[in-house]
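This report concerns only the one structure given below.
Rule-based calculations on the coordinates, nothing more; no lab input. What you are looking at is a predicted structure, and each value in this text was computed from that prediction instead of being measured. Backbone-built Cβ (ideal geometry, glycine too); neighbour counts: all protein chains shown.
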Amino acid sequence: MTTQSFTEQDVESFFDQTTSTYLNFWDSSGVLHTGYFDGDDDHDYQAAAERTSDVVATEAGINASSYVLDVGCGCGPFLMYLTGRFGCRGEGLDLSIERINFAREQLTGDKADLNVNFTHGSATAMPYEDNTFTHVVSQDSLCLIPDKPKTHSEVFRVLQPGGVFAFSDFLQPKTDISERGRKHVYDRVRWNNGYSYMGYQQALEEAGFVVTHARNLEPQIRQTYRVIGKAATERAAETDDPAAREWMLGFAESCGEIEHAIDRGEFGWGIFVARKPA
């Protein structure tokens, strides 16, 4: 079975409507991406999520002189981490106004001096000039964009010659998806379809990039959903709100189904680094 056909408006509406729910359950600081775990016995999601950010930043080669665009920045924690750690400049772009508003609200206190700006907009029509950024990054969001080749061309356009495109993203290892996989993995977040591990690299090359590094990280995504599924079950048992309990138990069920989808070869995760030729 193939997946549904969702539009950018469907994706935007979904994330606008679910932002507060995810923040209340998953992570109140807005960290909502896959973790890079040390091993199968590692259950520290926060540490794993931070490790993902470290890996992408290191492999991208970001430093104080970088000007970074985070595409699909969500609630902004990755970009704020980069600008805070390296002292670089940053721009965040996301389709969800609710997530952009949340990100802007975080720029207070010790984050007030970060050289960062958040913009509501589409990755298929970026509001930036050609050759603007030294780096474009993203975490687990590009798969949600219906017109992926258009996004790749936009990333290529706004990168400076020699600039780096570094990101993590979900993978679709096989073409045909079961009904269970479609319901719990793809339709759940309004995801149309994705690339396989090798297909992603081919798509980047077709957009003009030179792929310099790629990692297929299926075990990491399995552990992520194992950990957060268990956390959802535990939190459901502790809450007195029937609606919240129902949502958490439903989420935990989906996490289990996602693990099965991974076993069936219907879902994956990888990290990619590509360069725009100088």
Seminar exercise, completed: For the chain, percent of DSSP beta bridges that are antiparallel (nearest 5) comes out at 40
Seminar exercise, completed: Amide H contacts under 5 Å for Leu159, restricted to residues at least 5 apart in sequence or on another chain and with H modeled in the peptide plane, are Asn131, Thr132, Phe133
Exercise. Cα centroids of region 174-216 and region 217-278: how far apart, whole angstrom?
Worked result: 17
For this session: Compute log10 of I(q)/I(0) for region 79-146 with the Debye formula, placing one identical point scatterer on every Cα and leaving out solvent, at q = 0.14, 0.19 Å⁻¹, to two decimals.
Result: -0.45, -0.83
Problem set entry | Charge dipole magnitude, Cβ of K and R +1, D and E -1 - the chain, Cα centre, debye nearest 20 | 600
For this session: With runs of 4+ DSSP H residues as the only contributors, calculate the mean residue ellipticity of the chain at 222 nm using -39,500 (n - 2.57) per run, divided by the residue total and rounded to the nearest 500.
Result: -13500 deg cm²/dmol
For this session: For a quick protection proxy, order the peptides 63-71, 198-206 by their average other-Cβ count within 10 Å, most packed first.
Result: 63-71, 198-206
For this session: Give me the number: length gained by fully extending Asn117 to Glu129, i.e. 0.36 nm times residue separation minus the C-alpha to C-alpha distance, one decimal in nm.
Result: 2.8 nm
Problem set entry | Distance violations [Cα-Cα > 19 Å] among Lys150/Lys183; Lys174/Lys276; Lys150/Lys276 | Lys150/Lys183; Lys174/Lys276
Problem set entry | Kirkwood hydrodynamic radius (C-alpha pairs) into Stokes-Einstein, region 133-182, 20 °C and 1.002 mPa s, D in µm²/s | 171
Exercise. Once both labels are modelled 7 Å past Cα along the beta-carbon direction, what's the Asp240-Arg215 spacing in nm?
Worked result: 4.4
Exercise. How high is the relative contact order of the chain, in percent, counting Cα pairs under 8 Å that sit 6 or more residues apart?
Worked result: 21
Exercise. Per residue and in Å³, how big is the convex hull formed by the alpha-carbon atoms of region 8-275?
Worked result: 121
